[in-house]
Amino acid sequence: MEAAGAMSTTPSHASMVDSDDFDLSRLLNHRPRINVERQRSFDERSLGDLYLSAMDGRGGYMDSYESMYSPGGGLRSLTGTPASSTRLSFEPQPLVGEAWEALRRSLVCFRGEPLGTIAAVDNSSDEVLNYDQVFVRDFVPSALAFLMNGEPDIVKNFLLKTLLLQGWEKRIDRFKLGEGAMPASFKVLKDPKRGVDTLAADFGESAIGRVAPADSGFWWIILLRAYTKSTGDLSLSETPECQKGIRLIMNQCLAEGFDTFPTLLCADGCCMIDRRMGVYGYPIEIQALFFMSLRCALLLLKPASEAGNSKDDDIMERIVTRLHALSYHMRSYFWLDFQQLNVIYRFKTEEYSHTAVNKFNVIPESIPDWLFDFMPSRGGYFVGNVSPARMDFRWFALGNCVAILASLATPEQAGAIMDLIEERWEDLIGEMPLKICYPAIESHEWQSVTGCDPKNTRWSYHNGGSWPVLIWLLTAACIKTGRLKIARRAIDLAEARLARDSWPEYYDGKLGRYVGKQARKHQTWSIAGYLVAKMMLEDPSHLGMISLEEDKAMNPVLKRSASWTV
């Protein structure tokens, strides 16, 4: 059956797949397939209609996950469990029903229509802060859960209202933000006397550290593609408003400057890691999301001649050019495995001219001691950051999982990332999936890097804390690489704790044993992340809305040795 093919393991010299990882695919071969009438295939237009003549015959971007179209329809359970659970022969998990009830309690409405989910419904906390707002990045797993459950209207409302907010004039301390900036969050303000609802958006002017989110626009594009893929409805993405919104985000990211790298320069606090954690520069999370949004934009955009934007006629050519440069740069310079670590260990420094081997002048003595023990002989990952004389060797979960889903990672690299997770299970998974980064920074380094941030003490919050929301990204990566055993084991760990601990925001400790010292309870994306992981594992066809197939046009002449050695 088509859906089973999505779980075939990618060829990799580093990939070892357990035989029982394919039990689910055999089961799915015998279940009925729901046929849903769709419009012309969303991804079928990607090759012929995407204005790729600029590629000089190199071919276009073709997302071949058409076999993984997940309608999300069908009859929903009266108990609020996802539609996929009612269609498959799995024993119902009581936690799923509880999670759906909790997710629906977080819904917020605007003028009678559901618009999104607030960050947390923690009645035990005296301080509300901004947890009563709808965050763009936080809503993504909630949106995917609703799409998988056949409730796309909530997602459509969210996409349209955030698009409206993008059009607002954005000023912070008399400085005007770029036209394409998306808000970090927004709040629905209700006036019971007048009976009027209004929106108040935060573009970073109220955020801790006053940093605008670089990832909101990327997540918005990725979610628009997920909505289109899930529903088969092209009408939303092809509206002039959505087309303009995509182009504004792309123009802001592709603006020419003094950069010599195709990666995107970002400040600390611009992404999920929203405090000072030393990710300034070119963080892997932003680069992976940037890459994925570029690919999604290429699928969603209409040629400028059709969209009536002749002045932006080169936007798709610019996207294609950037994708090729970005994929080469990331696969070459951000990738680290045992072989590559040994090359860096023997680097010469102060090399000049285009023949230099150590192109970023990374000092071998800067390699941290923990890395030599952490790096297994089988496995690898994309490091946290690469810039002149600096390589952040930390492992970051979100960036590496998104790299797999976006096919930024080659099949060999994707397999190696999963190998690393298996080899270093205690370090990266522990007792609660999933470490946001590894390892934690402490002592003098913690003081200088975080500015003595009391929330980011070692193995807490974003400094090595464990975040249940990341389980949906891990599960999606596992399905794509055919490593279902990892996902099942991680979900089992989460199910043993999450409801009992009241769905906390994050966990503390080297193994993730303790509920975070400042973690909110009933955190919405912890709830939604679990639901998405559970539904994807039960029905892997859902992966199609959040995964992109490898593009062969970006694969030629990639030899790591050519990047680092003569």
With viscosity set to 1.002 mPa s and temperature to 20 °C, compute the Stokes-Einstein D of segment 329-408, Rh being the Kirkwood radius across alpha carbon pairs; µm²/s, no decimals. 161
Amide H contacts of L115 (H built 1.01 Å from N, under 5 Å, at least 5 apart or other chain): V108, C109, F110
Computing the accessible area with a 1.4 Å probe over protein heavy atoms, can you report the carbon and sulfur percentage for segment 382-493? 49
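What does the charge count around V515 come to, taking other residues whose C-beta lies under 14 Å from its C-beta (Lys +1, Arg +1, Asp -1, Glu -1)?
Cβ neighbours under 14 Å give a net charge of +1.
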Can you give me the accessible area per residue for segment 274-404, using a 1.4 Å probe, in Å²? 37
If each of S124 and S235 carries a label point 7 Å out from its Cα toward its Cβ, how far apart are those two points in nm? 4.6
Phi-based couplings in Hz for segment 267-277 (Karplus 6.51, -1.76, 1.60; Gly and Pro marked x): 8, 4, x, 8, 9, 4, 7, 9, 10, 5, 9
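Rounded to the nearest 0.05, what FRET efficiency do K348 and Q447 have when you use their Cβ-Cβ distance and R0 = 22 Å? Walk me through the numbers on the way to the answer.
On the way: r = 32 Å, r/R0 = 1.47.
After rounding, the FRET efficiency stands at 0.10.
Length gain on complete extension for the stretch D153 to R210, per 0.36 nm per residue less the alpha carbon to alpha carbon distance? Don't jump to the answer; show the numbers that get you there.
Values: separation 57, 0.36 × 57 = 20.52 nm, distance 3.24 nm.
Length difference between fully extended and current span is 17.3 nm.
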Can you give me the distance in nm between label points at L164 and A389, each placed 7 Å from the Cα along the Cα-to-Cβ direction? 5.1
To the nearest 0.05, how large is the calculated FRET efficiency for Q93 and S377 if R₀ is 45 Å and r is the Cβ-Cβ distance? 0.75
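With only Lys, Arg, Asp and Glu charged, each at its Cβ (+1 for the first two, -1 for the last two), find how big the charge dipole of segment 117-211 is about the Cα centre; round to the nearest 20 debye. Could the numbers behind the result be given before it?
Working: 12 positive and 14 negative charges, 82 e Å.
With only Lys, Arg, Asp and Glu charged at Cβ, the dipole is about 400 debye.
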Student exercise, segment 253-371 dipole from Lys, Arg, Asp, Glu Cβ charges, in Debye to nearest 20: 160
Suppose each label sits 7 Å from its Cα in the direction of the beta carbon; what would the A200-D314 distance come out to in nanometres? 4.3
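The values are calculated or read from the model by the stated rules, or taken from the named source; none is laboratory data. Values in this document were obtained by computation on a predicted structure and should not be read as measured data. Methodologically, a virtual Cβ is constructed for each residue, glycine included, from the backbone with ideal geometry; neighbour enumeration extends over all protein chains shown. Remember, those area values only see protein heavy atoms, side chains included, never the ligands or the DNA or RNA. Shrake-Rupley method; radii C 1.70, N 1.55, O 1.52, S 1.80 Å.
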